[in-house]
1. Suppose we filter the range 443-460 for residues that are hydroxyl-bearing (Ser, Thr, Tyr) and either surrounded by 16 or more Cβ atoms within 10 Å (Cβ to Cβ) or under 30 Å from PRO351 (Cα atoms) (or both); how many remain?
2. Report whether or not LYS387 is under 30 Å from ALA649 (Cα atoms), among the charged types (D, E, K, R), open to solvent by 30 Å² or more (accessible area, probe 1.4 Å) and modelled with pLDDT of 95 or more.
3. Take the range 422-442 and flag every residue that is under 14 Å from SER359 (Cα atoms), touching a residue at least 24 places away in the same chain (Cβ under 8 Å), assigned to a helix (DSSP H, G or I) and open to solvent by 30 Å² or more (accessible area, probe 1.4 Å).
4. Looking only at the range 355-365, filter to residues that are in contact (Cβ under 8 Å) with a residue 60 or more places away in the chain and open to solvent by 10 Å² or more (accessible area, probe 1.4 Å); which one of those is nearest to LYS411 (Cα to Cα)?
5. Would you be able to say whether some residue in the range 327-338 is modelled with pLDDT of 90 or more and under 17 Å from GLU427 (Cα atoms)?
6. Only one of these conditions is not met by ASN174: (1) of a type outside the set (Lys, Arg); (2) within 25 Å of LEU83 (Cα to Cα); (3) modelled with pLDDT of 90 or more; (4) in contact with a helix residue (DSSP H, G or I) (Cβ under 6 Å, 6 or more places away or on another chain). Which number is it?
7. Name the single residue, out of those in the range 537-562 being of a type in the set (A, V, I, L, M, F, W, C) and open to solvent by less than 20 Å² (accessible area, probe 1.4 Å), that is modelled with the lowest pLDDT.
8. From the list SER488, SER542, which residue is of a type in the set (S, T, N, Q), within 30 Å of LEU461 (Cα to Cα) and in contact with a helix residue (DSSP H, G or I) (Cβ under 6 Å, 6 or more places away or on another chain)?
Amino acid sequence: MELTIDQALKKGVEAHKAGKLEEADRYYTAILKAQPKHPDANHNMGVLAVGVGKVQEALPFFKSALEANKSIAQFWYSYIDALIKLERLDDAKAVFNQAKNNGAKGDGFDQIEKKIALPTSQNSNDQTPTTSQIQSLIDLYAQGQLQQALADSSLLLTKFPNSVNLLNIIGAVNQGLGKLEEAIEVYKKAISLNPGYAEAYYNMGVILQDQGKLEEAIEAYNKALSLKPDFAVAYTNMGVALTGIIFNKPNRDLQKTLVSLLDKERYIRPLDIVKAAISLLKLEPTLQKNLQLVDAGVIESPHDVISDLSELPLLHKLMSVCPLPDLELEKLFKQLRASILENILSLEEAPPELLRFQSALALQCFTNEYIYNQTKEEGKNLLALEKIVEHKFEDNEQPTPQEILALASYKALNQYGWHHSLLAADEIHEVFTRQVDEQGTENDLKSGIPVLEEITDNVSLKVREQYEENPYPRWVNLQLRLQPAPISKVASETDLKIYDERIISVEAPHILVAGCGTGQHSISSAARFKSSKVVAIDLSLSSLAYSQRKTKELGIENIEYIQADILNAGKLNRQFDIIESAGVLHHMDNPMAGWRVLVDCLKPGGLMSIGLYSELARHHIVKIREEIKQLGFGSSDEEMKCFRDSIIASDKEHHKMVL
């Protein structure tokens, strides 16, 4: 269906906010083809260009936006901000005066006034390097001529001592030469001249991160993002710095930034930062208090607890996007879930903070595969609520949002026969989308996924059965490369030793992802390699449908999904420049047979990446599997939850290793 201009703009803005820069670019470009002078599309294209560091290229877009509509203060602000970044201060002042003459008003114009005042008041020397001088230094840096770049930029600095762009280049050159302390001092000087210079904070963060000073690096990135909320690479680097860190002091400002980071669909894999985020949340007195109360078994009214938790948007966001591997939080969530269910009938009208928490809890339980156990009393209360809701549908009534959200925290809504009759009210919209709409989309996609050949291998059939029932993992966001790169650059970044140079010359690699699961691997590879075409195979149609849905949502267009067993991959009748298979071969009855099939699918001189689980490193899991056999546990939901509870309560060392 063809979109109207307004619909395309709305979708472009949504993609832009979600960090889907290529998708946003496509929508804005399509609008400009139809209406070259469209003000919003021109402005947003300029913002996109600035966000990826192409400030010079943004200027014509901002100019076109203003020519079409001079009444929008934000258009003036963006144009002036770009001119300041390029150190074209005279031009910035001239545009500022035009803005005043055109009657620009409001908060945006106030920001312009502060922005324009900064360089004029702090640069005693109005002269700045020309654009060509700056570009010449950038070219030397890009070509690796660092000593020459340092000599030329240092000489230029004697003439323009207050040029923050020049200082930033000198800092980057020192950084490239390994003179890290000198680089930091230069960045600090740039910041003293222009406290709003986000790029200098970012570059300092990179050095601090390389030095292992992760908390200081995170603070620098946080400052950069507070100044430039659309700073894509700062979000990405912050996500990397957060991996594995545990905080020991509270920071509400950082929590806000983490919520913004998790709002983006392409900048971070939430599970990578969840431990860091939980450690930050656990420093909050309100959460500490309630965790202690639930541990002591003396929790106050659930409404009071939920009111306390409403002060922590980061907690709600985390609950909504990934499983939270923390037993203290699990205990709190389980008790609140049971208490809400027990008191559901006494609630005439649920307050907004209760519904927000219920929505986050329902998404948490759905994403973690409803792993929380429940008491017999909960089972009775759940059955009673299910009957009440059924009767309401029979009487052509809609259940209350709190009733639906209570059920959704125990079982996915699409598992109920009445889900087609449910109206997606605002309070349940996010849960309805994830538990009904997306599941329906995946079911529809299954029929369109090609099947290479009937799967006959016994082990493959068992693996397929497991993942058809439970596509794993359920995921919402993913960390993707901001700009795809050629094979040579990826090899250089990963310090990969290439013994056959033929692969370096491949400009549009054909890639096979053998065992793509729910799509994290295939989508990451498609976004990593420039001009690539990816074929992704898997045993499970449910997993492939999940993959395809997420691929469409992220605007990725270079992946082909096929249901296939690795053992039959030769029947694709294709050869690939790159083959990747992680966490798959060791599941096979004969892993070497699978590997041989993949080798036969690889072009001469091609690259292959194989990831395997280590029995040595996972010896504790091997031991637990033996215990499961000895105890006679089956694989039903109830049995798995029962065994999980026994591990949680155990003091055995090999059990503690999986907590």
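1. Number satisfying all stated conditions: 1.
2. no
3. Result: GLU427, GLU430.
4. Top of the filtered list is SER359.
5. No, the range 327-338 contains no residue that is modelled with pLDDT of 90 or more and under 17 Å from GLU427 (Cα atoms).
6. Among (1) of a type outside the set (Lys, Arg); (2) within 25 Å of LEU83 (Cα to Cα); (3) modelled with pLDDT of 90 or more; (4) in contact with a helix residue (DSSP H, G or I) (Cβ under 6 Å, 6 or more places away or on another chain), the lone unmet condition for ASN174 is (2).
7. The qualifying residue modelled with the lowest pLDDT is LEU554.
8. SER542
The values are calculated or read from the model by the stated rules, or taken from the named source; none is laboratory data. Quantities reported herein were computed from a predicted structural model and do not represent experimental measurements. Neighbour counts are summed over all protein chains in view; Cβ atoms, including those assigned to glycine, are modelled from backbone coordinates with ideal geometry. Ligands, DNA and RNA are excluded from the accessible area calculation, which covers all protein heavy atoms including side chains. Shrake-Rupley method; radii C 1.70, N 1.55, O 1.52, S 1.80 Å.
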